[in-house]
Amino acid sequence: MLSLAHVEPRLAAVAREIEATGSAAEVYDREWKLVWLTSQFRFFAGDRPLEALGVGEHAVQVRTVALDGMVPVETGLRWMRRNIPRMAPDTPGGMDAIRALLPAEYDREVGPLEPRPPETLWWGEITYHQAGLPPAQTRYLTFALHDPDGERIGWAILYLPAAPASIVSLITRGNQGMFARMAELLDPARHETAILFADIQASSALARRLSTQRWFQLISEFSTFADQCVIESLGIVGRHAGDGVTAFFLAEQVGSRAAACAAALHAGREIVCWRPEELAAGELHINAGVHWGGALYLGQVVTGGRLEVTALGDEVNECARIQQSARDGVLLASKPVVERLDLEDAHALGLDPLTLMYRTVGELPGVTPKAVRDAGGVPVVSVPRHDATAD
């Protein structure tokens with residue numbers, strides 16, 4: 001957290017408490033001069049330093065200069081019309097002084113404003129821009145700050161999701177650590193990454209045997225389990241397609257190339273051993289493949305209907321073919337993955353890199369023409385299972 005040494009002690013105490021909640025917020029003194037922006041607010045403002053974001057300036061100047069471009073023009077004008085009359089009673093010089101701070105074009109567009117009696121609490125809604133992403137909605141709650149003796153010491157503007165709590169609760173059920181790792185991929189770029197694909201073998205036949213409701217539950221249970229395995233290994237869950245799972249383990253996030261490869265293999269080994277209680281051994285097989293991408297292009301895909309991380313690169317397609325070539329509950333690891341493991345991790349996975357014998361995907365039994373075409377020359381090895389039901 002940046003220093004609050006320049007902030008009046010009572011306001012500094014408030015700023016620390018708001019910062020600790022992880023909220024996006026602004027803190028102003030009693031005359032509406034900016035004293036603090038939380039780290040989450042600065043993130044949305046491009047992580048610029050406080051000085052560049054208008055510390056010491058009136059809230060209107062912060063909007064029209066330091067934060068200009070963060071919101072559409074009409075949204076900014078609507079904010080002015082709603083907030084200037086409410087800020088005027090506590091701004092020296094009142095409404096006229098605030099309007100004198102506005103650029104001429106803003107002053108004309110804002111139009112006439114009616115004075116309002118003093119208020120201590122109000123809210124509104126704005127649209128904001130973030131580079132490379134669709135426009136988003138948020139709500140703000142503005143409230144007065146008082147010390148224990150009741151003296152007005154300043155103001156805070158707290159930003160809230162523009163959605164009911166029932167919808168927000170669906171998002172917050174996700175793992176915050178993984179969401180933080182996803183947030184690091186806001187700007188697409190190349191990364192060293194271990195890739196994991198997993199899928200239920202012959203799922204169509206199993207789906208015909210089970211009721212539709214039970215099949216849906218089974219897919220949900222499997223996806224939940226697989227996602228948790230990925231999360232616990234510091235990976236990022238990728239796209240779910242039917243009963244398939246993808247995941248990415250970035251070397252920079254897990255700690256090293258070796259650690260990323262080990263994390264992907266440990267997660268894959270857990271996933272292939274999953275089986276619902278009502279199915280006997282041999283009735284359900286999960287196959288997985290792990291491959292290495294030295295320069296995968298990863299980034300977020302954010303639309304009005306989804307938020308996910310996706311990756312592009314030949315190795316992604318190769319990993320999918322490796323997984324499709326596994327049979328009967330097997331985890332296949334490519335040679336580039338195994339040879340990046342630390343010796344201790346390799347032994348923990350039941351692998352001895354010095355004595356392993358690989359087969360290419362094209363040499364595996366039952367391999368499809370597509371797998372031969374896309375990954376036929378990739379050397380792979382089966383990773384020993386750790387469960388007692390291994391065939």
Meets criteria (over 17 Å from LYS33 (Cβ atoms), small (Gly, Ala, Ser) and either open to solvent by 60 Å² or more (accessible area, probe 1.4 Å) or modelled with pLDDT under 95 (or both)) for GLY76: yes
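Among the helices (runs of 4 or more DSSP H) lying completely within region 88-198, list those that include at least 2 residues that are modelled with pLDDT under 90.
Counting at least 2 such residues, we get 104-110, 165-172, 176-183.
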Does ILE84 satisfy the criteria of being touching a Ser or Thr at 6+ places or on another chain (Cβ under 7 Å), closer than 21 Å to GLU31 by Cα, surrounded by 15 or more Cβ atoms within 10 Å (Cβ to Cβ) and without any contact (Cβ under 8 Å) to a residue 60 or more places away in the chain? no
So THR91 fits all but one of (1) surrounded by 15 or more Cβ atoms within 10 Å (Cβ to Cβ); (2) without any contact (Cβ under 8 Å) to a residue 40 or more places away in the chain; what number is the exception? (2)
Inside region 199-261, counting only helices (runs of 4 or more DSSP H) that do not spill past its ends, which hold 3 or more residues that are open to solvent by less than 70 Å² (accessible area, probe 1.4 Å) and more than 22 Å from ALA326 (Cα to Cα)? 212-232, 251-254
Of all the residues that make up region 262-274, how many are outside any loop (DSSP other than H, G, I, E, B) and open to solvent by 20 Å² or more (accessible area, probe 1.4 Å)? 3
Among the listed residues GLU26, GLU8, which satisfies the condition of being open to solvent by 30 Å² or more (accessible area, probe 1.4 Å), at pLDDT 90 or above and at negative phi? GLU8
Under 29 Å from LEU284 (Cα atoms), of a type in the set (Asp, Glu), open to solvent by 40 Å² or more (accessible area, probe 1.4 Å) and in contact (Cβ under 8 Å) with a residue 40 or more places away in the chain: does that describe GLU192? no
Is it the case that some residue within region 19-26 is in a loop (DSSP other than H, G, I, E, B), touching a residue at least 40 places away in the same chain (Cβ under 8 Å) and out of contact with any Asp or Glu (no Cβ under 6 Å at 6 or more places or on another chain)? yes
Working carefully through the options ALA45, ALA59, find the one that is within 28 Å of the chain's Cα centre (by Cα) and on the phi < 0 side of the Ramachandran plot. ALA45
In region 95-131, which residues are among the hydroxyl-bearing types (Ser, Thr, Tyr) and open to solvent by 30 Å² or more (accessible area, probe 1.4 Å)? TYR106, THR120, TYR128
Using beta carbons and a limit of 6 Å, which pairs, at least six apart or on different chains, have the first residue in region 217-239 and at positive phi and the second one hydrophobic (A, V, I, L, M, F, W, C)? LEU234/VAL254; LEU234/ALA263
Counted residues in region 340-355 being hydrophobic (A, V, I, L, M, F, W, C), loosely packed, with under 15 Cβ neighbours inside 10 Å and in a loop (DSSP other than H, G, I, E, B) come to 1
How do the pairs read when you match residues in region 114-133 that are farther than 13 Å from ASP90 by Cα with residues anywhere that are among the β-branched types (Val, Ile, Thr) and part of a loop (DSSP other than H, G, I, E, B), using Cβ under 6 Å and keeping only pairs 6 or more apart or on different chains? ILE126/VAL71; TYR128/VAL71
Got a sec? Which of GLU318, GLU277 is in a loop (DSSP other than H, G, I, E, B) and open to solvent by 30 Å² or more (accessible area, probe 1.4 Å)? GLU277
If you scan region 156-181, which residues turn out to be under 22 Å from LEU265 (Cα atoms) and surrounded by 17 or more Cβ atoms within 10 Å (Cβ to Cβ)? MET178, ARG181
Taking region 46-55 and the residues there that are open to solvent by 40 Å² or more (accessible area, probe 1.4 Å) and assigned to a loop (DSSP other than H, G, I, E, B), the one that is modelled with the highest pLDDT would be VAL55
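The values are calculated or read from the model by the stated rules, or taken from the named source; none is laboratory data. Since this is a predicted model, take the numbers as computed values, not measurements. Quick reminder, even Gly has a Cβ in these numbers, built from the backbone with ideal geometry, and neighbours come from all protein chains shown. Side chains included, ligands, DNA and RNA excluded: accessible areas come from the protein's heavy atoms. Shrake-Rupley method; radii C 1.70, N 1.55, O 1.52, S 1.80 Å.
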